[in-house]
Amino acid sequence: MTAYIRQLQKTTQAAKATSDARTPVEIRFDEWWASLPKATRVRPYSMSEITKGLGGMAAYQLSGVLAARGWTRKRKWSGTIHYYRLWVPPC
């Protein structure tokens, strides 16, 4: 019985270690976000601002990271035709 429990604990620890592993994109984003002053973390960001801050990373890589961290996409309309796509950080 104890061997079975040890095996379950090893399996659980291995699964936990793989689920906690972050991708290079997530690491770069977390470092960039932590480097920003707290006063600037409350405003919406365009994807071009975020990619520029991360050194020109592709937007398709970042959208999943942003969504996983609770960011939401919004549109800011300027007139009747043009709009800006913005990412709003979680509160």
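The values are calculated or read from the model by the stated rules, or taken from the named source; none is laboratory data. Small disclaimer: the values here were computed from a predicted structure and weren't measured. Ideal geometry is used to build each Cβ from the backbone, glycine not excepted, and the neighbour counts take in all protein chains shown.
Determine whether segment 26-36 contains at least one residue that is modelled with pLDDT of 85 or more and either among the polar types (S, T, N, Q) or closer than 19 Å to Tyr84 by Cα (or both). Yes, segment 26-36 contains a residue that is modelled with pLDDT of 85 or more and either among the polar types (S, T, N, Q) or closer than 19 Å to Tyr84 by Cα (or both). All conditions in (1) surrounded by 10 or more Cβ atoms within 10 Å (Cβ to Cβ); (2) touching a residue at least 12 places away in the same chain (Cβ under 8 Å) hold for Gln7, with the sole exception of (2).
Taking each residue of segment 48-65 that is within 12 Å of Phe29 (Cα to Cα) and looking for partners that are basic (Lys, Arg) and modelled with pLDDT of 90 or more with beta-carbon atoms closer than 8 Å, six or more apart or interchain, yields Leu54/Arg28; Gly55/Arg28; Met57/Arg28.
Taking every residue in segment 15-33 that is over 15 Å from Gly56 (Cβ atoms) and surrounded by 12 or more Cβ atoms within 10 Å (Cβ to Cβ) and pairing it with any residue that is at pLDDT 65 or above and basic (Lys, Arg), at least 6 positions away or on another chain, the pairs with Cβ-Cβ distances below 8 Å are Asp30/Arg22; Trp33/Arg41.
Of the residues making up segment 78-91, just one is of a type in the set (Ser, Thr, Tyr) and in a loop (DSSP other than H, G, I, E, B), namely Thr80.
Scanning segment 74-83 for residues that are over 11 Å from Tyr45 (Cβ atoms) and surrounded by 10 or more Cβ atoms within 10 Å (Cβ to Cβ) yields Lys76, Tyr83.
Within the set Leu36, Leu54, Leu86, Leu62, the sole residue that is in contact with a Phe, Trp or Tyr (Cβ under 6 Å, 6 or more places away or on another chain) and aliphatic (A, V, I, L, M) turns out to be Leu54. Of all the residues in segment 66-83, those that are closer than 28 Å to Ile27 by Cβ and touching a Pro at 6+ places or on another chain (Cβ under 9 Å) number 6.
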